[in-house]
Each structure stands twice: as structure tokens, then as C-alpha cells.
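A quick write-up on the structure given underneath.
None of the figures in this text is laboratory data; all of them are computed from the coordinates on show. All values reported here derive from a predicted model rather than from experimental measurement. All Cβ positions, glycine included, derive from the backbone under ideal geometry; neighbour counts span all protein chains shown.
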Amino acid sequence: MSPLPIRKYPDSILRQKCVFVNKITQKETDLFEKMLFTMKHFCGIGLAAPQIGIAKKMIVAEVDSRIIKLANPQIVGIRGSDSMAEGCLSVSGVAIDIQRLNKVIVQGLDEIGKIVEIRMEGLLARVAQHEIDHLQGKLIIDYRRVK
């Protein structure tokens, strides 16, 4: 398998609101695998479908060997917050300090189409929020503070 090309800012797909995934078919299952492969190839820890040119609500992440593959992810529970510098495969050479929730519960469809709720904290919670931002057309540069 070859990695898919990463779309870079200012590519317009990175600003689109992604479409809902109605059902997980073999096409989505294959896309999850291609996304995970691409993410790892480029040394990322999270990837959203628009970053590879597909405007679907799909994300993958891997932190501490925990792999997440979700369609239509949404945050349904929250707690705490912290701040950390974030980078992005689609915004080269930039790190932005971002305040995010420290613990989240994310609901979505897993790779077999089952509705799941996943509890995440720390870095994995941050990565999920970063990737969910992508699905709404939001990038890390949108968090820059005006001085």
C-alpha cells in the first residue's frame, strides 16, 4: 500500500464541513486502513479524511498503541482542560498552543458500523478534538491569539 498525499493549507478541502457517513461499507473500512497507513507513514498520531482530500466525517488516531477509527465522531462528555502546543500534517512548520478538554467521551461509528462511545484522556483526547476540528473545516491556525 502506498501512502495517500496529504492536503496542505490553503487547500480548500481543509475548510469544508464534511458529510455524514450513513453506513460503514467495505469502502469506508478500506479508507480507515489507508488513512491509518498514511498517518503512520508521515509520523502523525491522528488524521482526518479531508487531509487526504475526502470530505467525509472520518478520523483515525493512534496514541500509546491505542488505535481509534471513527466515522461521525462527536464529543458527548467533557471534563477538565489543559494547554499544549499542537502541530498538523496539513499545516507544515507551525505549532500553536491550544487549550483543549483533558477528558472526553467521543461517540461515533467504529470500523464495523457499530455505535460506540470511547472515553479518552490526555493526548488521545487532544488528538480526537484536533481531528474533529478538521471535520468542521477548522485548523490549528484558527486558534492563534491576536496580540
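Computed from backbone phi with θ = phi - 60° and the Karplus coefficients 6.51, -1.76 and 1.60, the 3J(HN,Hα) list for region 103-119 is 9, 9, 10, 10, 10, x, 9, 7, 5, 10, x, 8, 6, 10, 10, 10, 7 Hz; x is used for glycine and proline. The ellipsoid that matches the Cα gyration tensor of the chain has semi-axes, each √(5λ) in whole angstrom, of 22, 19, 14, with the longest given first.
When both region 74-144 and region 7-41 are represented by their alpha-carbon centers, they are found 15 Å apart. In order along region 128-136, phi translates into HN-Hα couplings of 4, 5, 4, 5, 5, 4, 4, 5, 9 Hz, rounded to whole numbers, per the Karplus curve 6.51 cos²θ - 1.76 cosθ + 1.60 with θ = phi - 60° and x for Gly and Pro.
Working out 0.36 nm times the residue gap between Lys114 and Arg79, then minus their Cα-Cα distance, what length gain in nm do you get to one decimal? Present the calculation step by step, with values, prior to reporting the outcome.
Working: separation 35, 0.36 × 35 = 12.60 nm, distance 2.49 nm.
Extra length from Lys114 to Arg79 when fully extended: 10.1 nm.
In loop segments of region 1-90 as defined by DSSP, the trypsin sites (Lys or Arg not before Pro) with at most 11 further C-beta atoms inside 10 Å of their C-beta are Lys17, Lys23. Peptide packing for 93-99, 123-129, 41-47 was compared via the average number of neighbouring C-beta atoms within 10 Å per residue; ordered from the highest value, the list is 123-129, 41-47, 93-99. Between Lys103 and Lys8, the FRET efficiency from the beta-carbon distance, with R0 = 35 Å, is close to 0.65.
A dipole drawn for the chain from +1 and -1 charges on Cβ atoms has a positive end, and of Ile45, Ile59, Ser12 the residue lying farthest that way is Ser12. Checking the Cα-Cα distances for Lys34/Lys114; Lys23/Lys103; Lys8/Lys114; Lys8/Lys57; Lys27/Lys138 against a 24 Å cut-off, the pairs over it are Lys23/Lys103; Lys8/Lys114; Lys27/Lys138. If the segment from Gln136 to Lys27 were pulled out straight at 0.36 nm per residue, it would be longer than the present Cα-Cα gap by 37.0 nm.
Springs join every pair of Cα atoms under 10 Å in this Gaussian network model of the chain, and among Asn72, Asn102, Asn22 the largest mean-square fluctuation is at Asn22. Residues whose amide H falls under 5 Å from that of Gly77, counting only those 5 or more places apart or on a different chain, are Ile105, with hydrogens built in the peptide plane. Normalised by the residues of region 92-139, what does the relative contact order come to in percent, with Cα pairs under 8 Å and at least six apart? Relative CO of region 92-139 lands at 31 percent. Under the criterion of Cα pairs below 8 Å and six or more residues apart, the relative contact order for region 12-143 equals 28 percent.
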